[in-house]
Each structure stands twice: as structure tokens, then as C-alpha cells.
Amino acid sequence: MNKRTYNFYPGPATLPTEVLEQAQSELLNWQNKGISVMEISHRSKEYIELAMKAEQDLRDLLNIPTNYKVLFMQGGAHLQFSCTALNLLDKNQSSDYVVTGIWSQKALKEAQKIAKANVIFDGSKYNFTDIGDVSNWQLNSDAGYVHYCSNETVGGLQLRELPNVGDVPLVCDMSSDILSRPIDISKFGLIYAGAQKNMGPSGITVVIVREDLLTRSANTNIPSMLNYNTYAGSDSMYNTPPTFAWYLLGLVLKWLKKQGGLSEIAKLNYSKQQMLYDYIDNSNFYSNKITHKYRSYMNVPFYLKDENLNQQFIDGANKRGLLGLKGHRLVGGMRASIYNAITIEAMQKLIEYMQEFAKENN
Ligand SMILES: Cc1ncc(COP(=O)(O)O)c(C=O)c1O
């Protein structure tokens, strides 16, 4: 195969072709050294430059204030489910959790292994299709933090407005919508995100944390690799970081800057989701169950009128080079993940196929 397919996988997800081409072109001979970037010490001057440049590009793109640290960790968002509770709570302090889907539910369960975690909104009563009125959350003013997930990748539900939680630090799992639009970092205590949707390959996780919150775990005996201070105090190089993933993340950030940054990518993402939801809403063959206000711009689940046709839909899509459309096993149906690197052309191909499939099977 000499042509790229249209990749709608939820993560690991499609990467910009230019990024892969650059990685390919310098794989054997990075910076004219006759070695790949994977084969050089993370303590070398060249690698440290690369790592710092990636951090600076992330800071530029997200406009990260200087009183925030950027940490590069491993263990995915799953490890952050534990790290947040381990690092951000004082003794006997509890946390507040907003449960809007499978991922925030998982985060809650892990946090409950460490300390008391209150559920201040439970979206299971809406079958995770709605969030209702955010101002109704029963916040606890003495909580160590409030945790939510800005985009539920499986359910396809996104909270784009920033919740107002007063002085309690707001903690967000932004794994599947970070870098998809501009956000005001200063409204958050901590943001974490696995890279494998909008930032790069799996294996590296970004944590953006307000510096004053680091004092909470500064003198505790949390294992070093789970303590944010370890990363903050060593430029995330206490141990050997995932060097290749960090390098690729850097290339994706450079690509994003070239696209015009987050305001430009947000416009593109807006158009992409609008094309797809408009088509779904105007068809009598496909449907999406999420309350319009909370529909995800990144992950679009949809259902066929006749669920018995699901496999046929997937097979036909695969034949046309439209990959990764099967919905998550817990919710069924289909899901198109349309992250930053998905092009308008990919959206057109998907909608064309959906139209033809509906015509043939309606
Ligand atoms: C919103 C969200 N949170 C957490 C995770 C878990 O990430 P990881 O597998 O990197 O731990 C995912 C993975 O898809 C996700 O989409």
C-alpha cells in the first residue's frame, strides 16, 4: 500500500502525514549524527534541546502561564487517576468528582482507593448522554480539588464551558481534546492528557500543574515516580523518559504551530464536526444520542437505524480505507474520532460512504 488510509481510530489515532514523513526522513540520521533520535542519551545537549523546545512549543500553543509547570510522564492517563489523588490531597482531605462517562468513572474509582472522593454529578442517570446544568453541581468548598473529564472519548460527550468551582483547584482529564481549541489554563489547578489522540503517540503523558499545588506533596513519602515534585525538579528527566514519543510529540506541536495554532485548528475542528452532525441529523438512517450542547467535537458516536447492519457497515468502510469506525464495546454502534489530524477530505470521504450505505440499505 502506498497511500494513507483515513483513520478514525479513537487512540492511538491518526498523526499528521507530514510529521510521520519527517520522522521517517530522519530516522537513520537525526541531525546528521548518523544515529536515530532513539539512540542518543536523554542527557545529551542535543536531546535536552529537543525536549525543552517541545515544552516551549506547548507553552506557546496553550499560552501556559509562568506559574505552571509542564511535566512529561509515563503511565498514561490511568496513572494520573492515582497521581492526582496522591499528590493533591492533604491528610484526611476529600475530593469532588464529576462523572460524565466511562473515563471519569474510572478516575473516580482509582481516587477512592486513596482517599474519600465525593460524586458531585452523576451522569449515569442520563445514561451519559447529558450533563444538565453545570451550576447545579453540589461542590464541597473544603475539597482538595474538583475532577472532571472535558471530553468523554467513549460516550462522545464534551464539556466545552469551563466550570466555575470557586477557589477549589479544578483538575481535568483532557486526554482527548487537549490542543483542539484555545483554553484558559489559568482557570485550572491541573490538567493531564495522554498524548495518543491530539499530541503524538502513546507512551508519554503531559501534566500541566499550578506550581503552588506542588507543595502539597513536597514532603510526603509518595514513591518518587508517582510524585509530581520528582518531575518538576528534574525537567521530567529523573529517570529515562520515553525519548522517541517526546520527539514525535515535539514534531506534532511544530506542525500545529504551522497550521496557525489553536484558534485555526479550532475553526477546522468546528467545521468537521458540523459536517458530520449535520449529515447525521438530516438523515433518517443514522442517529446520535447526546444532548446537542454537549456533543463532542472530537468523538462522534452514531447508530445505524438497523443495528444488524453494523458489521456490513464496518466491512464496507474498511474496504474503502475508512478505518477505526467501530464504536466502543460498552456503547456499541459506530464512532468517528475526528482529532486535529483528520482532514476535511477525510470527513468528506466518510460522509460520502455513509450516504451511499444509507441509500443501499434504507
Ligand atoms: C478521556 C480519556 N481518559 C483516559 C484515558 C486512558 O488513557 P491511557 O490508556 O493512556 O491510560 C483515555 C484513553 O482513551 C481517554 O480517552
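Just so it is clear, none of the values below were taken in a lab; they were calculated from the coordinates. Keep in mind it's a predicted model, so treat the numbers as computed, not measured. Note: ideal-geometry Cβ built from the backbone for every residue, glycine included; neighbour counts use all protein chains shown.
For residue 69, list the aspartates and glutamates whose Cα falls under 13 Å from its own Cα; do not include residues on the same chain fewer than 8 positions away. Partners found: 55, 211, 212, 235. From its DSSP helices (H runs of at least four residues, each -39,500 (n - 2.57)), the chain gives a residue-normalised ellipticity at 222 nm of -11000 deg cm²/dmol.
Please state the shape class of segment 38-127: rounded when a/c is under 1.5, otherwise prolate if a/b exceeds b/c and oblate if not, all from the C-alpha gyration tensor. It is prolate, given that a/c is not under 1.5 and a/b is the larger ratio.
Which ordering of 256, 309 is given by a fewest-first count of other beta-carbon atoms within 10 Å?
Numbers: 256 24, 309 16.
Final ranking by Cβ density, sparse to dense: 309, 256.
Cβ-to-Cβ counts within 10 Å put 149, 83 in ascending order as 83, 149, the fewest first.
Overall shape: oblate for segment 160-228, with the ratio a/c of the largest to smallest alpha carbon gyration tensor axis at 1.5 or above and b/c at least equal to a/b. Any idea what diffusion coefficient segment 174-311 gets from Stokes-Einstein, in µm²/s, Kirkwood Rh on alpha carbon pairs, 10 °C, 1.306 mPa s? Estimated via Stokes-Einstein, D reaches 88 µm²/s.
With +1 on the Cβ of every Lys and Arg and -1 on the Cβ of every Asp and Glu, and nothing else charged, how large is the dipole of segment 202-273 about its Cα centre, in debye rounded to the nearest 20? Could the numbers behind the result be given before it?
Values: 7 positive and 4 negative charges, 76 e Å.
Computed charge dipole of segment 202-273: roughly 360 debye.
Note on the chain: percent of Cα-Cα distances in each 10 Å bin, starting at 0 and stopping at the bin with the largest distance, equals 5, 24, 31, 25, 12, 3, 0.
Under the criterion of Cα pairs below 8 Å and six or more residues apart, the relative contact order for segment 204-362 equals 17 percent. Note on segment 1-144: with charges restricted to the Cβ of Lys and Arg (+1) and Asp and Glu (-1), its dipole about the Cα centre is near 380 debye. The equivalent ellipsoid that matches the C-alpha gyration tensor of segment 56-175 spans semi-axes of 22, 18, 15 angstrom, in descending order.
Fewest Cβ neighbours within 10 Å first, please rank 243, 84 accordingly.
Details: 243 21, 84 28.
Exposure proxy ranking, most exposed first: 243, 84.
Close amide-amide hydrogen proximity is noted between residue 8 and 323, 324, each under 5 Å apart and 5 or more residues distant or on a separate chain (H modeled in the peptide plane; Pro and chain starts excluded).
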